There are 2 protein chains.
Amino acid sequence: MTFTARTPRVAAARKLQRRRDRDQTGRFLAEGPQAVREALAAGVVLELFATAEAMSRYGDLSAHFTEVDDDALASLAETVQPQGLVAVCEQVDVPLKEALAKRPRLVAVAAEIRDPGNAGTVLRTADAAGAGAVIFAGDAVDPYNGKCVRASAGSLFHVDVVRTPLDVVTPLREAGLRVLATSGYGADDLDTLADDGVLREPTAWLFGSEAHGLPDELLEAADRRVRVPIYGGAESLNLAAAAAVCLYASARAQR
Amino acid sequence: MTFTARTPRVAAARKLQRRRDRDQTGRFLAEGPQAVREALAAGVVLELFATAEAMSRYGDLSAHFTEVDDDALASLAETVQPQGLVAVCEQVDVPLKEALAKRPRLVAVAAEIRDPGNAGTVLRTADAAGAGAVIFAGDAVDPYNGKCVRASAGSLFHVDVVRTPLDVVTPLREAGLRVLATSGYGADDLDTLADDGVLREPTAWLFGSEAHGLPDELLEAADRRVRVPIYGGAESLNLAAAAAVCLYASARAQR
């Protein structure tokens, strides 16, 4: 039987495009073969909707497809080319205590970052740099927002994702992490910290939104306030670029 | 006199939202106070349209405002909040020969990058890292595309922007630059090149599109093919993050 856009299970899944329904159910949507593959590997897929064409093209993915017609798939997907696959997944985030108990040597904190593309990119970059956990702190975007899931390119399923209130500095420090806050006006510059060997220690990086930077309480609570040096005429880096430079400086120092 | 959306000078400026008209006239649009300020500093503003409100708020910017009504301003702007200012500017790119004659020690090449946001971010990041020139090579996005101008956050006016065909490796090498091509499958990893002192030399980085990477002819012509090391589960970095890591590795090595 092929489900349509009006079939109740499809309609219920479609509601997961809204944050309220994601929060209430503890579920979210992942679309496209890459994200679906990662979600299956993580064991969090509850239902996998696929068009007939996608079922034959990605037959290796699952024995448990729910076949939907093109309109139903389009109603579930948020991109123009979802490649015929949308999965309903269980949310994967873990409590802060659980993530820190593993003693990660590199952690990224997205503090009040509201742009889902930026947050997803920070998640992907932190994963690439070898971070063990990525923390969405305070009034940050929902990590299960469709655009964030897509920008993370699967990294949502690779690292410990944590959602916490804003006051994360104390537990991070108690877990043996040096807490470095990024700021265009920071007293320490990244190159000097690298030269001095500071970045070899277990580190948690705090990143704020592009428009507002980090909240004062986090800037003050952190161990250091660090600026990425600007060698040319630009006023600043964008968030994704600054996060990449900081996280990779740590990854290189910790090799 | 307040111009409206139908005033011929406003209508003529509005056409610059299209590439064909930008190419034919050698002009482009810059919107918002930051970009307009940088364009004025660069001496390339031909006409500055402003609402009455913006004229009083940004009175320091110019003695030569052309007053337009809100509809006219909205018709010229591509963002929801243009803050009342749109400038018609002369295009600023220079010939490759002129840029290389200055013997820049760091150059970024955006090769066939078609996404304007990505291209603008590479331009901004290259500027921040101290690059002297950014080259748009082959079938790359128009650097004067509105989204690219905005993503560059003024850097379009700080570095030498060059537009060239794809075969840039020979002139770069003749200008004393080591040519490094980025590739997820590169034989050299970035950390090893940094350890070996290779990055201290004058360097041109080649970046390809996120979807397709660099064209084979550039990968083959380059001196080295370099991968950014991946320490975690991510398959790759996005373009902006990879460019930031590579350009800042060079900036740090060249200090």
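Among the residues of region A:192-202, what is the count of those that are buried (at least 19 other Cβ atoms within 10 Å of the Cβ) and touching a helix residue (DSSP H, G or I) at 6+ places or on another chain (Cβ under 7 Å)? The qualifying residues number 2.
Consider region A:1-21 and keep the residues that are among the charged types (D, E, K, R) and exposed (fewer than 14 other Cβ atoms within 10 Å of the Cβ). The one that is nearest to the chain's Cα centre (by Cα) is A:R19. Only residues that are in a helix (DSSP H, G or I) and either more than 11 Å from B:V88 (Cβ to Cβ) or open to solvent by 30 Å² or more (accessible area, probe 1.4 Å) (or both) were counted in region B:22-45, giving 10. Filtering region B:150-169 to residues that are among the hydrophobic types (A, V, I, L, M, F, W, C), within 14 Å of another protein chain (Cβ to nearest Cβ) and in contact (Cβ under 8 Å) with a residue 40 or more places away in the chain leaves B:A153, B:L156, B:F157, B:V161.
Residues that are within 14 Å of another protein chain (Cβ to nearest Cβ), in a helix (DSSP H, G or I) and open to solvent by 30 Å² or more (accessible area, probe 1.4 Å) within region A:203-252 comprise just one, A:R252.
A residue that is closer than 17 Å to B:A153 by Cβ and among the aromatic types (F, W, Y) cannot be found anywhere in region B:30-49. The set of residues from region B:46-84 being free of Cβ contacts under 8 Å to residues at least 60 places away in the same chain, surrounded by fewer than 15 Cβ atoms within 10 Å (Cβ to Cβ) and assigned to a loop (DSSP other than H, G, I, E, B) comprises B:G59, B:D60, B:A63, B:H64, B:V80, B:Q81. Scanning region A:104-132 for residues that are outside any helix (DSSP H, G or I), surrounded by fewer than 24 Cβ atoms within 10 Å (Cβ to Cβ) and of a type in the set (G, A, S), which turns out farthest from the other protein chains (Cβ to nearest Cβ)? Across region A:104-132, the extreme among qualifying residues is A:G132. Counting the residues of region B:93-103 that are within 19 Å of B:G43 (Cβ to Cβ) and surrounded by 18 or more Cβ atoms within 10 Å (Cβ to Cβ) gives 2. For region A:170-191, the count of residues that are within 14 Å of chain B (Cβ to nearest Cβ), assigned to a helix (DSSP H, G or I) and surrounded by fewer than 20 Cβ atoms within 10 Å (Cβ to Cβ) is nonzero. I'd like to check something: does region A:134-146 contain any residue that is open to solvent by less than 40 Å² (accessible area, probe 1.4 Å), in a loop (DSSP other than H, G, I, E, B) and acidic (D, E)? Looking through region A:134-146, at least one residue is open to solvent by less than 40 Å² (accessible area, probe 1.4 Å), in a loop (DSSP other than H, G, I, E, B) and acidic (D, E). Among the residues of region B:95-150, those identified as β-branched (V, I, T) and within 23 Å of B:T170 (Cβ to Cβ) are B:V107, B:V109, B:I113, B:V122, B:V134, B:I135.
The values are calculated or read from the model by the stated rules, or taken from the named source; none is laboratory data. All figures in this text were calculated on a predicted structure; none of them were measured in a lab. Cβ coordinates were reconstructed from backbone atoms using ideal geometry, including for glycine residues, and neighbour counts include every protein chain displayed. Just so you know, the surface numbers come from the protein's heavy atoms only, side chains and all, with ligands and any DNA or RNA stripped out. Shrake-Rupley method; radii C 1.70, N 1.55, O 1.52, S 1.80 Å.
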